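Colleague: First the structure, which I've put down as structure tokens, then a few questions once you've had a look.
Please treat every number below as a calculation from the coordinates, not as lab data. Just so you know, these numbers come straight off a predicted model, no measurement behind them. Cβ: placed from backbone, ideal geometry, glycine included. Neighbour counts: every protein chain shown.
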Amino acid sequence: MNIHTKVLGEGVVVLRLEGKLNMVSAPHLREEVHSSVTAGNTHVAIDLSGVDFIDSSGLGALINGLKATRQAGGDLRIAAPTEQVKMVLELTNIDRVLKTYGDAETAFSG
Amino acid sequence: MNRNFLIRVFVLITFALGTNYIIWRWLFSLNWTNWWIAVPLVLAETYNFIDVLFFGFTIWRADPAHAVHAPREGLTVDVFITTYNEPIDLVIATAKAAKRIRYPHLTWILDDGAREEMRLAAEALGVGYIKRGENWRNQPLHAKAGNLNNALMATSGEFLLILDADQVPYPEILDHTLNYFDDPKVALVQTPQWFGNVTPYDPLGSQAPLFYGPIQQGKNAWNAAFFCGSNAVLRREALMQLGVSRYAAELEIAVMQALKSADRILAHAMRTTAANDLEVQKTLKTLGDAIAQTRAAIAGGQTIAEATYALQRRISEVSKEMVSAHLSVMAEDLAAIKAIHTETDENWDVILDVEKTTDLLASREFSPLGACEAMATLLRSLDVDRPGEAQPLMPLATVSVTEDMATSMRLHSMGWKSVYHHEILAVGLAPEDLSSMMKQRLRWAQGTMQVMLRENPLVQRGLTTAQKIMYFATMWSYLSGFAAVVYFVAPVVYLCFGVLPVKAFSTTYFYHFIPFMIANQLLFLVVSKGISTWRGQQYSLALFPIWLKAVSSAVRNVYFHHPLAFVVTPKTGHGVRNEWRLIKYQIGVAIVLVIAATIGILRLVRGLNEPVGTFVNIAWVIWDLGLMSILIPALRYRGHQSRENLTK
């Protein structure tokens with residue numbers, strides 16, 4: 001999995017993921033969120049449009065990220081999931097916890 | 001003849017004769033004059049009959065033969081060795097054996113003792129070392145479940161082999177278990193726990209050949225083989241899915257409860273605020289509105305993250321205004337709230353803590369502004385990040401000190417499958433003295449009762465009827481302490497006072513009772529294929545104070561939130577002598593039984609008791625004493641010196 005980081009300013013950062021978000025790549029995402037928070041970008045938007053597969057460890061990394069950002073007074077938001085990702089979100093009821101935004105770049109505006 | 005057919009015939013015979021006996025007992029034999037002993041006795045007998053029925057149901061289906069073949073190549077496996085306070089050498093011996101496991105894997109030592117010398121030893125051996133991170137500071141540790149949950153976040157293998165510190169694995173352990181995971185629904189493969197430091201006589205009853213044999217094989221046939229904490233391989237995806245789903249479900253419940261509690265505090269504050277204190281009135285109203293809005297938003301389908309985010313924002317604005325206006329008033333109350341939140345105990349959980357916090361807050365006289373702040377604190381503590389836990393995901397169940405059984409039950413209710421693989425693939429160390437053994441049994445019994453009280457299998461959605469019965473049967477067997485007390489009291493009251501619980505010890509009684517008893521013992525004999533089940537029968541009665549204590553402490557823990565002491569069993573012997581006080585209740589009972597038998601004989605001689613009744617009750621006393629007699633060699637046991645059979 002590849003992660004492209006784009007800082008939007010005012011503490012907001014977009015992480016665009018590409019590939020599989022699974023037990024192998026989950027630690028990578030966790031570290032990326034932590035370094036964003038450490039750098040002061042506590043509002044993290046995750047662009048899932050390039051993720052073709054997610055497993056429970058991948059969801060775990062998102063939840064861990066939510067914890068890390070909230071503790072720093074920020075938030076984590078997910079955007080543009082693919083069909084497979086949407087299905088897993090519903091299956092585990094994480095869709096009751098995390099709202100899905102249409103576009104990562106605007107997840108924190110308005 | 002087909003063995004399974006034979007077993008079924010014996011199950012049916014036992015069932016028929018048992019039903020005949022129990023119905024006759026209830027309808028025709030009760031001596032209502034002495035109802036105070038007659039009814040408890042028939043209840044105790046019914047309890048045992050149901051136990052036998054559960055046993056028959058467990059072994060009803062033959063274990064389907066599994067074709068063991070070499071597992072696929074390229075699977076990733078983490079081997080976890082859990083330790084807390086075991087000697088470094090013992091852990092390293094296990095780690096060395098783990099390194100020699102043939103299938104490619106990574107070995108990790110999970111050190112809950114955070115010992116520097118353990119870390120160095122792991123490093124020298126070239127295996128991974130994991131201890132709890134900073135995030136666990138001042139958070140509930142959840143013992144072994146917490147240790148494993150912590151390691152799950154630090155590793156990434158598809159499969160996890162879990163080993164207790166003393167369980168030395170054979171090199172082929174993964175080769176013989178991983179192939180079951182070709183079925184994508186299999187979450188768990190459990191292998192037997194077998195102990196190398198036990199003499200054939202096994203005075204402490206450490207080997208459990210009936211459990212790691214016919215019982216687990218039978219449960220396996222019902223897709224209900226249990227996870228037993230060690231010597232098992234688990235699928236990471238199954239555990240993580242469990243963790244994620246539980247997080248989602250528990251978070252929503254916790255947030256709704258927090259809102260409810262906040263309402264209570266708010267109402268309390270409203271009542272105690274002077275009508276002319278307009279500023280406070282205004283603040284309270286703002287907070288009340290915020291809570292109502294949040295509840296409406298969640299009910300209307302808004303996600304928890306969104307709703308709590310909005311609520312947090314509003315609360316912090318209100319708090320800021322309050323703090324600037326009334327800093328001094330609240331200082332004292334704030335300190336009290338802080339004190340509440342630093343409390344941690346072993347069996348902490350989110351929902352429990354809301355109640356505790358609310359009760360503490362309600363019991364304290366807060367100023368209205370203090371109440372506002374208390375409410376804000378409460379709501380903040382139930383943000384989506386779950387600050388009351390070290391990590392948001394807890395895949396291994398933390399509701400019980402026996403996390404293994406609770407976890408496999410949850411996996412089953414999510415539709416995952418389990419497998420019991422009947423082949424010894426690791427050799428461990430059993431407790432080497434009675435005291436350690438009793439602590440271990442107490443913990444197992446307490447844990448099982450906690451699961452029964454917190455997550456009764458009979459009402460768990462997603463479990464099949466057979467699975468519900470399989471879990472419930474194990475819990476049922478831990479209630480035997482109550483029956484034991486009755487089985488001591490009944491012969492004593494007859495022998496000493498001639499009090500009969502049945503109308504008569506007549507031939508009719510024997511016609512009903514003896515065939516059932518013989519069929520029952522034959523059933524055990526057929527099922528166990530000659531392995532001795534006597535030790536198990538002995539301890540089922542002899543440890544009655546442990547079973548009673550387990551039930552009472554689990555009830556106190558679950559319903560009254562008393563802490564349950566978690567005792568890690570020492571794996572090496574102590575050599576402490578004269579531990580008679582360990583079995584003081586059993587000694588007391590034995591003395592009473594012997595005195596009763598003596599009195600019974602004297603009463604017989606003087607013509608006060610009948611011969612048949614006396615004979616039956618003295619036989620009963622001898623049976624009780626015979627079962628409890630195991631405690632004498634157990635108490636004198638100092639461990640098995642030779643450990644050469646530990647390495648293969």
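Colleague: On average, how much area does the Cα convex hull of the range B:466-517 cover when viewed from any direction, in nm²?
Modeller: Average projection, Cα convex hull of the range B:466-517: 5.2 nm².
Colleague: Another question, if that's okay. Please compute, for peptide A:53-61, the average count of beta-carbon atoms on other protein chains lying within 10 Å of each residue's beta-carbon.
Modeller: Across the residues of A:53-61, the mean count of other-chain Cβ atoms within 10 Å is 6.
Colleague: For peptide A:94-103, how many partner chain Cβ atoms fall within 10 Å of a residue's Cβ, on average?
Modeller: Average per residue, whole number: 5.
Colleague: Let me ask you something else. When ranked by the protection proxy of mean other Cβ atoms within 10 Å per residue, highest first, what sequence do the peptides B:233-245, B:454-466, B:531-543 form?
Modeller: Taking the mean over residues of other Cβ atoms within 10 Å, the ranking is B:233-245, B:531-543, B:454-466.
Colleague: Let me ask you something else. Quick one: Debye curve from the alpha-carbon atoms of the range A:2-106 only, equal weights, vacuum; give me log10 I(q)/I(0) at q = 0.24 Å⁻¹ to two decimals.
Modeller: Values, matching the q order: -1.44.
Colleague: For the range B:1-114, report the convex hull volume of the alpha-carbon atoms normalised per residue, in Å³, without decimals.
Modeller: Cα-based convex hull of the range B:1-114, divided per residue, equals 210 Å³.
Colleague: Would you please put B:392-402, B:31-41, A:69-79 in order of how densely packed they are, using the mean number of other Cβ atoms within 10 angstrom per residue and starting with the highest?
Modeller: Listed from highest to lowest mean packing, they are B:392-402, A:69-79, B:31-41.
Colleague: Right, another one. Most exposed first by the Cβ proxy, i.e. fewest other Cβ within 10 Å, how do B:Val189, B:Val594 rank?
Modeller: B:Val594, B:Val189
Colleague: Then there is this: Give me the net charge for the shell around B:Pro214: Cβ to Cβ below 10 angstrom, other residues only, Lys and Arg +1, Asp and Glu -1.
Modeller: Every neighbour counted, the sum reads +1.
Colleague: Where does the range B:196-327 land on Rg/Rh, using Cα atoms and the Kirkwood Rh?
Modeller: Ratio of gyration radius to Kirkwood radius for the range B:196-327: 1.33.
Colleague: Then there's this: Mind checking the dipole of the range A:2-106: about its Cα centre, +1 per Lys or Arg Cβ, -1 per Asp or Glu Cβ, Debye to the nearest 20?
Modeller: For this selection, approximately 280 debye.
Colleague: Counting only other chains, and only Cβ atoms inside 10 Å, what mean value do you get across the residues of B:245-252?
Modeller: 5
Colleague: May I have the pair-distance distribution P(r) for the range B:389-467, computed from all Cα-Cα distances with 10 Å bins from 0 and rounded to whole percent?
Modeller: Going out from 0 Å in 10 Å bins, the range B:389-467 shows 15, 35, 36, 13, 0 percent.
Colleague: Please sort B:611-619, B:81-89 by packing, taking for each peptide the average over its residues of neighbouring beta carbons within 10 angstrom, highest first.
Modeller: Output ranking for B:611-619, B:81-89: B:81-89, B:611-619.
Colleague: Provide A:Ile94, B:Ile622 in ascending order of the number of other Cβ atoms located within 10 Å of each residue's Cβ, fewest first.
Modeller: So the ranking, lowest neighbour count to highest, is B:Ile622, A:Ile94.
Colleague: Next question. Project the alpha carbons of the protein assembly as shown onto their principal axes and report the range along each, largest first, in whole Å.
Modeller: 97, 71, 48
Colleague: Still on this structure, please answer the following. What 222 nm value per residue comes from the helices of the protein assembly as shown, counting each DSSP H run with n ≥ 4 as -39,500 (n - 2.57) and dividing by all residues, nearest 500 deg cm²/dmol?
Modeller: Computed ellipticity for the protein assembly as shown at 222 nm equals -17500 deg cm²/dmol.
Colleague: Considering only DSSP beta bridges where both residues belong to the protein assembly as shown, give the percentage that are antiparallel (nearest 5).
Modeller: Of all bridge pairs located within the protein assembly as shown, approximately 30 percent are antiparallel.
Colleague: Given an 8 Å cut-off on Cα distances and at least 6 residues of separation, report the relative contact order of the range B:1-95 as a percent.
Modeller: Rounded, it is 31 percent for the range B:1-95.
Colleague: Percent antiparallel among DSSP beta bridges with both residues in chain A, to the nearest 5?
Modeller: So the antiparallel bridges in chain A amount to around 30 percent.
Colleague: For a quick check: sort B:Lys96, B:Lys584 by the number of other beta carbons within 10 angstrom, fewest at the front.
Modeller: Ascending Cβ contact count within 10 Å gives the list B:Lys584, B:Lys96.
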